């Protein structure tokens with residue numbers, strides 16, 4: 001394999017795995033939040049606040065992975 005092919009493969013792996021992790025995390029956060037609200041409707045406001053904050057942190061990880069993949073693609 002040529003060096004450029006290996007570099008592009010690395011970019012593809014970083015992009016796909018780096019974005020799949022936060023996507024799964026956001027799905028699990030939403031699933032857990034909806035289950036918590038279903039069990040205790042009075043705690044809806046506190047659960048939603050924590051859900052939004054956790055989702056923002058998970059999304060930030062995805063954005064970092066995307067930026068790294070773009071930077072690596074530009075360097076190649």
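Throughout, read-outs are computed from the coordinates displayed, never taken from laboratory work. Because the structure is a prediction, the values reported are computed rather than measured. Every residue, glycine as well, gets a Cβ built from its backbone with ideal geometry; the counts of neighbours run over all protein chains shown.
Looking only at region 61-74, which residues are touching a helix residue (DSSP H, G or I) at 6+ places or on another chain (Cβ under 8 Å) and free of Cβ contacts under 8 Å to residues at least 60 places away in the same chain? Steps first, please.
Initially, region 61-74 is screened for residues touching a helix residue (DSSP H, G or I) at 6+ places or on another chain (Cβ under 8 Å), giving 61-62, 64-66, 68-69, 72-73.
61, 62, 64, 65, 66, 68, 69 - these are the residues of region 61-74 that are touching a helix residue (DSSP H, G or I) at 6+ places or on another chain (Cβ under 8 Å) and free of Cβ contacts under 8 Å to residues at least 60 places away in the same chain.
Of the numbered conditions (1) free of Cβ contacts under 8 Å to residues at least 12 places away in the same chain; (2) surrounded by 14 or more Cβ atoms within 10 Å (Cβ to Cβ), residue 15 satisfies every one except a single condition; which is it?
Result: residue 15 passes all but (1).
Within region 31-41, can you find the residues that are within 23 Å of residue 60 (Cα to Cα) and in contact with a helix residue (DSSP H, G or I) (Cβ under 7 Å, 6 or more places away or on another chain)? Before the answer, list the steps.
Just the residues of region 31-41 that are within 23 Å of residue 60 (Cα to Cα), to begin with: 31-34.
Matches in region 31-41: 33 only.
Return a yes/no flag: does region 9-24 have any residue that is over 19 Å from the mean Cα position of the chain (by Cα) and either more than 16 Å from residue 60 (Cβ to Cβ) or assigned to a helix (DSSP H, G or I) (or both).
Restricting attention to region 9-24, the residues satisfying the condition of being over 19 Å from the mean Cα position of the chain (by Cα) are 9.
If we keep only those that are either more than 16 Å from residue 60 (Cβ to Cβ) or assigned to a helix (DSSP H, G or I) (or both) as well, we get 9.
Yes: one or more hits.
So which of 42, 4 ends up being part of a helix (DSSP H, G or I) and touching a residue at least 60 places away in the same chain (Cβ under 8 Å)? Walk me through how you get there before you give the answer.
On the way: 42 fails: touching a residue at least 60 places away in the same chain (Cβ under 8 Å).
Checking each option against the conditions leaves just 4.
Looking at the structure I just gave you, is residue 27 in a helix (DSSP H, G or I) and surrounded by 14 or more Cβ atoms within 10 Å (Cβ to Cβ)?
It is false that residue 27 is in a helix (DSSP H, G or I) and surrounded by 14 or more Cβ atoms within 10 Å (Cβ to Cβ).
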